[in-house]
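Read the figures in this text as sums done on the coordinates, not as results from a lab. From a predicted model like this one, the values you see are computed outputs, not experimental measurements. Glycine gets a Cβ as well: all are built from the backbone with ideal geometry, and neighbour counts include every protein chain shown.
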Amino acid sequence: MNATAMAQPGSQTVQTEKTGGTRIELARCTKTFPDGTRALLPFDLTINGGETLVLLGPSGCGKTTILRLIAGLEFPDAGGKITFGEDDVTRQSIEKRRVGMVFQSYALFPNMTVAENVAYGLKVQKVERRERDERVRAMLEMMHIDMLADRRIDQLSGGQRQRVALARAIALRPRVLLLDEPLTALDAKLRVKLRTEINSLLRKLGITAIYVTHDQEEAMALGDRIVVMQKGAIAQIGTPREIYRAPLSPFVADFVGASNRLDGRIEQNSLVLGDVKISLDQIGHAMTGDPIKNGDSNSNSRSGQGLADIYFRADGLAICAPDQGQIRGRVEAISYLGEKSRLTVSGIGESVITLDVDPDFQIAIGDDIHCRFNPERLTVFGRYPDARNAAQAM
Amino acid sequence: MALQNLGEGRSRPSFSRYFGVSRSAMASPATFMALMAPGVAIVAAFFLIPLVLVAMEVANGPDGWATYLVILTNARYFESLVQTLLMSAGVTVVALILCGIVGMFLVRNRFAGRSVLIGLLTLPLSFPGTVVGFMVIMLAGRQGAVGGISNALIGEKIVFAYDIAGLFIGYLYFSIPRVILAVMASAEKLDPQLEEAARSLGAPRWRVVRDVILPGLMPGLISSGAICFATAMGAFGTAFTLATDIDVLPMVIYTEFTRNANIAVAAALSIALGVITWLCLSAVRFLVGEKADVTTRGGA
């Protein structure tokens, strides 16, 4: 079946794949390693056909393990089930799964040329010579590396190597493309360039893709949906906008870049921070685990009071005139970033706060400043014992 | 302003230091000769001069320079050469296969007692050939363990210490540590994701071994195989301890030299042994070396 699917002329490759990718479902999957480590807690995950799903999280959170389960390089514990479309692949080995893989280390065969690398899968599948050459040529052209066909791998730059790796992975028209931190080894500028290329490639092919990264920006740029992982569990699944604007937990907020944190209180439907009082209705994203709605019996919650964690990015707090100020701080450091200057400010919370100002704004280290919150840009988590669970139930 | 001054102040000394370093790196001819002298002296004293003396010794024999051909014309010597070559090649191939598998396994797996096992496998490094020969006798000699067991089981003493099998085992035992260490060094550098990439493209295990693992291990296999082969060609201690009916070339040289006082022939055979070993190694390097070279440099 495999071989017949391969036997179409290469020029049609791109067109046929546009019709939609394979839907992937993981049901009740867990993963325990032989030494007893629980790498993945029970989870369900569905990846729609043609969707690009990003697995985001710090190292050791289990994102790569999920990728390896889908690849067939690891198998889930008994009871888990993985399907590609209608096909149950739970115990199918990677050789049979028809997945394309791209690695951080490129993993190109050093004893083969660029063209031989791309042709390797076709050769293994015994695709006939003429057809094979045609397909390889089409792949190299698509990745804009046709002039490198006869080069050896050690003669290529990092960006070129990753293009070869992509061409090799999609040459076999896999059911799913799995990318494991493919851009991490590249420098910042090239990373952004190749990210854009990968994005348009995935849209063009319409292939189902799963992309692992620890880089929040990369995840936002590429993902149709993002899965944020924490310690072997899924912390949140959502579109980039949802993850960014409405994180479900302090961990997610912190991980996607809301690095300023302040301690506050919630009193009578308002956020209280020293002398500052802001109505919760004005707060951009408040996860207070509303005690009345959830019928929480916790005495602290019943009175509508409790501690709160406040998270915000550099745009959550702005400098203002002294008479309009809600809070005062002292400038500790200034970094000029071109289109803006980023200030490090002490005296507002326990740790320093960063906020952005116009680069032409006259300010010096040691200056006292008055600031105002931008409630729209604040994320507030009521610190009830089960605030997260309550929030997910909503 | 202040920053600029600081920057200049820093860059100037490092500039001159840079030149200082480069000047001493390009040593003057006198310094160069002085530094080379010990190396040249050692090579001359322990290699070149003895080699020339041995090579010259051949001319003093009854047949003069023609003695060099004796290894090809004399049936006994020629047979000994062929035997030695076959034995060495056999030991090398078996050692490479065994150690390739074991070395790869040891690198890819972590288990209790792993370091003890590696220690045991590399232990023969510290034994001289004579001791290895003695061990083989204890294992498979007339009073050996194998003979004792087989006698108890099937009423027949199996003894193979004194024939080609005994020598083979001795040489193999001797070669294993070097090859295993070299394979492990190559295997450490082999990216496991290369194998995963090949498998994701549908390659069955045997193709992964042929297309990915073997090319990756090739540099280590070639260098350790060469050492293994050369050592086996010249191994004397083991053969001497075991020798009854085997005529490996080093034994022949020893016999000609000490018992028959046939110094010219011994010298000719010595040079021939060296040249043939060197030729074999060069041939292997020529045949597979280029590919291996690409593999080492290409490792990302």
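Points worth noting:
- Shielding by partners for peptide A:115-126, expressed as the average number of C-beta atoms from other protein chains within 10 Å of each residue's C-beta, is 3.
- In the protein assembly as shown, inverting the average of 1/r over every pair of distinct C-alpha atoms gives 32.1 Å as the Kirkwood radius.
- Rg over Rh, two decimals, chain A (C-alpha only, Kirkwood Rh): 1.06
- Average partner coverage of A:168-174, which counts Cβ from other chains inside 10 Å: 2
- Bridge type composition, chain A - antiparallel percent by DSSP, nearest 5: 70
- Between 0 and 90°, nearest 10: helix A:114-124 axis offset from chain A longest Cα axis: 70
- Average beta-carbon neighbours from other chains, 10 Å sphere, peptide A:71-77: 2
- Helix A:188-205 and the long axis of chain A differ in direction by around 60°, with both axes built from C-alpha atoms.
- Residue separation of A:Ile363 and A:Gln155 scaled by 0.36 nm, minus their Cα-Cα distance, works out to 69.9 nm of gained length.
- Candidates A:Phe109, A:Phe312, A:Phe381: whichever shows maximal mean-square fluctuation once chain A is modelled as a Gaussian network with Cα springs under 10 Å: A:Phe109
- For the stretch B:153-300, Kirkwood radius (reciprocal of mean inverse C-alpha pair distance, Å): 18.3
- Spin-label pair A:Thr37/A:Asp275, simplified geometry with 7 Å Cα→Cβ offset, distance in nm: 5.2
- The stretch A:317-373 - Debye-derived log10 I(q)/I(0), Cα point model, q = 0.15, 0.18, 0.21 Å⁻¹: -0.36, -0.53, -0.72
- Note on the stretch A:209-254 and the stretch B:154-197: Cα centroid distance 51 Å, given to the nearest whole angstrom.
- Two-decimal Rg to Rh for the stretch A:27-75 - Kirkwood Rh, Cα set: 0.96
- Considering only alpha-carbon pairs that sit under 8 angstrom and 6 or more positions apart, the relative contact order computed for chain B is 25 percent.
- With the simple spin-label model, which puts each label point 7 Å out from Cα in the Cβ direction, the B:Val131 to A:Ala233 separation comes to 5.9 nm.
- Folded to 0 to 90 degrees: helix B:2-25 orientation relative to chain B principal axis, Cα: 30
- Relative contact order (%) - chain A, alpha-carbon pairs under 8 angstrom, separation at least six: 16
- Point-charge dipole on Cβ atoms (K/R +1, D/E -1) for the protein assembly as shown, about Cα centre, debye to 20: 700
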